[in-house]
1. Counting just the residues of the stretch 187-217 that are of a type outside the set (A, V, I, L, M, F, W, C) and in a loop (DSSP other than H, G, I, E, B), which one comes out least open to solvent (accessible area, probe 1.4 Å)?
2. Out of the residues in the stretch 87-131 meeting the condition of being part of a loop (DSSP other than H, G, I, E, B), of a type in the set (Val, Ile, Thr) and touching an Asp or Glu at 6+ places or on another chain (Cβ under 9 Å), tell me which one is modelled with the lowest pLDDT.
3. Does the stretch 142-162 hold any residues that are open to solvent by less than 80 Å² (accessible area, probe 1.4 Å) and hydroxyl-bearing (Ser, Thr, Tyr), and which are they?
4. Given the criterion modelled with pLDDT under 70 and in a strand (DSSP E or B), identify the matching residue among Arg40, Arg44.
5. Here are Gly181, Gly169: which of them is open to solvent by less than 90 Å² (accessible area, probe 1.4 Å), farther than 29 Å from Ala75 by Cβ and within 23 Å of the chain's Cα centre (by Cα)?
6. In the list Ser58, Ser2, which residue meets the criterion of being among the polar types (S, T, N, Q), open to solvent by 80 Å² or more (accessible area, probe 1.4 Å) and at pLDDT below 65?
Amino acid sequence: MSLLGEISKNSEALRYHARTAEVAGQNLAHVNDEKYARQRVLAREGVMHKAFGGLLTSGLEAGGVDHARNEFLDARVINEVGEGKSLAAQKEILDLLQVALGEEITRQGVNVGLDDLHESDLAPGSLTRALNDFFNTMEELSASPFEPAIKQELYHKIQTLTKRFNEAGQSLEQIEAELTGTIERSVDEVNRILAQIHETNVQVRRFELLDQGKAVSYRDERQALLESLAGYVNFTVQEEDKAKPTG
């Protein structure tokens with residue numbers, strides 16, 4: 001019995017070290033995988049049992065797998081991903097509006113406001129340039145109200161300004177339609193991600209309730225899904241009450 005017990009203990013220890021080597025190789029294989037967190041095998045001693053000569057314990061054995069994750073750091077990553085995506089979306093919309101209005105400062109001045117810029121600094125074809133030309137012509141007409149050339153010039157400036165307003169209105173309507181379509185697609189994507197998160201939570205709960213160790217792979221997958229979700233909506237993460245599991 002003693003010899004068989006020693007063989008059993010050594011077998012458990014070998015299985016533990018084999019599992020450790022397997023996890024180490026898995027960590028090396030996923031060293032460039034952003035969704036993967038480094039794992040480690042937990043060690044524990046087996047249960048005590050009665051044997052010839054007294055109580056003995058079984059050999060060293062694997063007590064499950066844990067991973068190098070930190071809840072605070074994971075939450076910070078989710079927050080930073082959300083803020084980065086939000087700023088990128090705002091910049092994209094502002095760029096579309098700038099293109100729609102034709103606004104562009106053509107010189108590298110950074111210490112002056114728009115009202116202080118000379119008309120040559122405004123992009124040709126922009127709404128601001130058309131407004132600027134219109135009011136300049138109006139000022140010239142006020143100084144010489146009976147000058148036919150100025151009246152004709154004012155007429156052309158009014159036509160140009162009207163055209164710029166119409167073009168800007170059409171561009172804004174197009175931007176609105178494109179953003180509406182983007183929002184609809186984003187809602188579908190959010191619902192898809194939420195469904196995947198729910199399924200992952202169910203698997204995490206089922207795996208860990210069966211005392212099979214920590215569901216490290218499912219938790220890595222859930223973190224990746226949460227980071228994807230942060231690109232669409234702002235949210236907070238809270239572990240469920242273990243006394244009332246919902247999955």
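1. Taking the stretch 187-217 as the starting set, the residues that turn out to be of a type outside the set (A, V, I, L, M, F, W, C) are 188-189, 191-192, 196, 198-201, 203, 205-206, 208, 211-214, 217.
The next check asks that each one be in a loop (DSSP other than H, G, I, E, B); those that pass are 211-214.
Working: Asp211: 127, Gln212: 99, Gly213: 23, Lys214: 82 Å².
Per the stated criteria, the residue is Gly213.
2. Step one: list which residues in the stretch 87-131 are part of a loop (DSSP other than H, G, I, E, B), which gives 102-104, 106-113, 117-118, 123-126.
Keeping just the survivors that are of a type in the set (Val, Ile, Thr) gives 106, 110, 112.
Checking the rest, the ones that are also touching an Asp or Glu at 6+ places or on another chain (Cβ under 9 Å) come to 106, 112.
On the way: Thr106: 52, Val112: 48.
The qualifying residue modelled with the lowest pLDDT is Val112.
3. Of everything in the stretch 142-162, those that are open to solvent by less than 80 Å² (accessible area, probe 1.4 Å) and hydroxyl-bearing (Ser, Thr, Tyr) turn out to be Ser144, Thr160, Thr162.
4. Details: Arg40 fails: modelled with pLDDT under 70.
Result: Arg44 is the single residue among Arg40, Arg44 that is modelled with pLDDT under 70 and in a strand (DSSP E or B).
5. Working: Gly169 fails: within 23 Å of the chain's Cα centre (by Cα).
Within the list Gly181, Gly169, the selection yields Gly181.
6. Of the residues listed, the single one that is among the polar types (S, T, N, Q), open to solvent by 80 Å² or more (accessible area, probe 1.4 Å) and at pLDDT below 65 is Ser2.
Here's the yes/no breakdown for (1) modelled with pLDDT of 65 or more; (2) surrounded by 14 or more Cβ atoms within 10 Å (Cβ to Cβ); (3) farther than 28 Å from Thr236 by Cα:
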site: Arg19; (1), (2), (3): yes, yes, yes
site: Lys35; (1), (2), (3): yes, no, no
site: Val65; (1), (2), (3): yes, yes, no
site: Glu71; (1), (2), (3): yes, no, no
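The values are calculated or read from the model by the stated rules, or taken from the named source; none is laboratory data. On a predicted model such as this, the values are computed, not experimentally measured, just so you know. Ideal geometry is used to build each Cβ from the backbone, glycine not excepted, and the neighbour counts take in all protein chains shown. Please note that ligands, DNA and RNA were not included when accessible areas were found on the heavy atoms of the full protein model with its side chains. Shrake-Rupley method; radii C 1.70, N 1.55, O 1.52, S 1.80 Å.
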